[in-house]
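Here's the structure, in structure tokens; my notes come after.
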Amino acid sequence: MPRVVVAMSGGVDSSVAAALLKEQGYDVMGMMLRLWSEPGKEDSNRCCTPDSMAQARRVAAKLDIPFYVIDAKNVFRETVVQYFLDGYARGETPNPCLICNRQIRWTFLLEHALALGADFMATGHYVRIRRDERGKSELLRAVDRSKDQSYVLHVLDQEKLARALFPVGDYPKTEIRTIAEKHGLSTASRPDSQDLCFLAGEDYRAFLQRNAAEMLKPGEIVTRDGRLIGAHNGLANYTIGQRKGLGIASPVPLYVLGKNSATNTLVVGTQAELGSRELTAREVNWLSGEAPQGSFRAEVKIRYTAKEAEASVTPLDGNRAQVRFDAPQRDITAGQAAVFFQGEAVIGGGVIV
């Protein structure tokens, strides 16, 4: 009987993942990570509050599976939180979920699962895997497109995909709640969480103020041609495409076009100046294990909530790729991921430079 460790969060999706796998005959074990929280905010870190841990224990007891808690506080702080802070220091808008999935969930936790003799690790992500007769794995979008999480899992490689199970990806979300109720799981009606776990429900700016106030230095607001038109209160407080909160009197609406961390200047302009047809991505991961030969057509998603846009993608040396869109994209933001899709399959993705 194959053994699978389910990464449990105390939410409905990972709870149902464990229930489905047990139903399918796997030897199931539950495992939860204790992540870093700011001192005094342990009760509001959505990934591992005492309440979430109690919920996960309750589900494990109901399903009659063993349950373990792994301390990941230090590695999470050093890896994910530092990545978040470093990104803002570079003038980017980082997505820490990417590094968390690569380094914490699918490296740190997977290593603990394998040490317990597991053959697979499962999570409650809404994605699917298709495996061919040669043992190659493809990462596919979820059946429920409104819940699809393939964007944040484009960081997985063939070795990790071979160990991965995503049981909820074949179901619409409404059915997942029904399955939870059928199994009598206490998480059946638990609401979905949206915010970054370590922000404890707060705006990221307040977190930066407490943990990296030095990067919130005031500076100049300039137009693209270098004309000084105002002052900002720290580059990290702004994101590409932002219109409100600039504090500039102007006869036409102005938007954030870019951030220059070297000169600590915020570049703004009109809506007509906003947007670009091109981007370069670094640290590109090709899910097949090798870069495609030459340019190819793809639908490209430039942030988790963005709609895919048609583009040509050209692999470059040094794990980079150039993307040229058919139409200008408004909110191309350094630090977010550009992820390439062909139909249902994820081809690859990297961090926007």
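Quick note: the coordinates plus some simple rules give every number you see, no bench work behind them. Bear in mind that the values here come from a model prediction, so they are computed numbers and not experimental data. Here Cβ is always computed from backbone atoms with ideal geometry, including for glycine, and neighbour counts include all displayed protein chains.
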- Length gained when the stretch residue 119-residue 250 is fully extended (0.36 nm per residue, less Cα-Cα span): 41.1 nm
- Modelled label-to-label distance, residue 296 and residue 273, 7 Å Cα→beta-carbon offset: nm? 3.8 nm
- Query: Karplus couplings for segment 280-297 from phi (6.51 cos²θ - 1.76 cosθ + 1.60, θ = phi - 60°), rounded to Hz, Gly and Pro as x?
  - Reply: 10, 10, 10, 6, 6, 10, 9, 5, 6, x, 8, 5, x, 7, x, 5, 8, 8
- Anisotropy class of segment 230-279 from Cα gyration tensor, a/c 1.5 cut: oblate
- For segment 275-353, run through the chymotrypsin sites (Phe, Trp or Tyr not before Pro) and keep only the ones in DSSP coil with at most 16 other Cβ atoms within 10 Å of their Cβ. 304
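Per 0.36 nm of contour for each residue apart, how much would the distance between residue 231 and residue 308 grow if the chain were fully extended, relative to their Cα-Cα spacing?
Details: separation 77, 0.36 × 77 = 27.72 nm, distance 3.45 nm.
Extra length from residue 231 to residue 308 when fully extended: 24.3 nm.
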- DSSP bridge orientation in the chain - percent antiparallel, rounded to nearest 5: 70 percent
- Task: Using only the Cα atoms of segment 1-142, build the gyration tensor, take square roots of its eigenvalues as a ≥ b ≥ c, and label the shape rounded, prolate or oblate: rounded if a/c is under 1.5, else prolate if a/b is larger than b/c, else oblate.
- Result: oblate
- Compute the length gained on full extension between residue 159 and residue 344: take 0.36 nm times their separation in residues and subtract their Cα-Cα distance, giving the result in nm to one decimal. 64.5 nm
- Can you give the longest stretch of the chain with no exposed loop site, where a site means trypsin sites (Lys or Arg not before Pro) in a DSSP loop (not H, G, I, E or B) with at most 12 other C-beta atoms within 10 Å? 1-133
- Message: Can you bin every Cα-Cα distance in the chain into 20 Å intervals starting at zero and give me the percent of pairs per bin, rounded to whole numbers?
- Response: 28, 55, 17, 0
- Task: Rounded, prolate or oblate: pick one for segment 305-352, where a ≥ b ≥ c are the square roots of the eigenvalues of its C-alpha gyration tensor, a/c under 1.5 means rounded, and failing that, prolate if a/b is larger than b/c, else oblate.
- Result: rounded
- Tell me which aspartates and glutamates have Cα within less than 19 Å of residue 217's Cα, excluding those fewer than 8 residues away on the same chain? 86, 92, 203
- Among all the lysines, which ones have a C-alpha under 17 Å from residue 244's C-alpha, if same-chain residues fewer than 8 places away are not counted? 259
- Message: Can you give me the C-alpha center-to-center distance between segment 243-263 and segment 327-344, rounded to a whole angstrom?
- Response: 22 Å
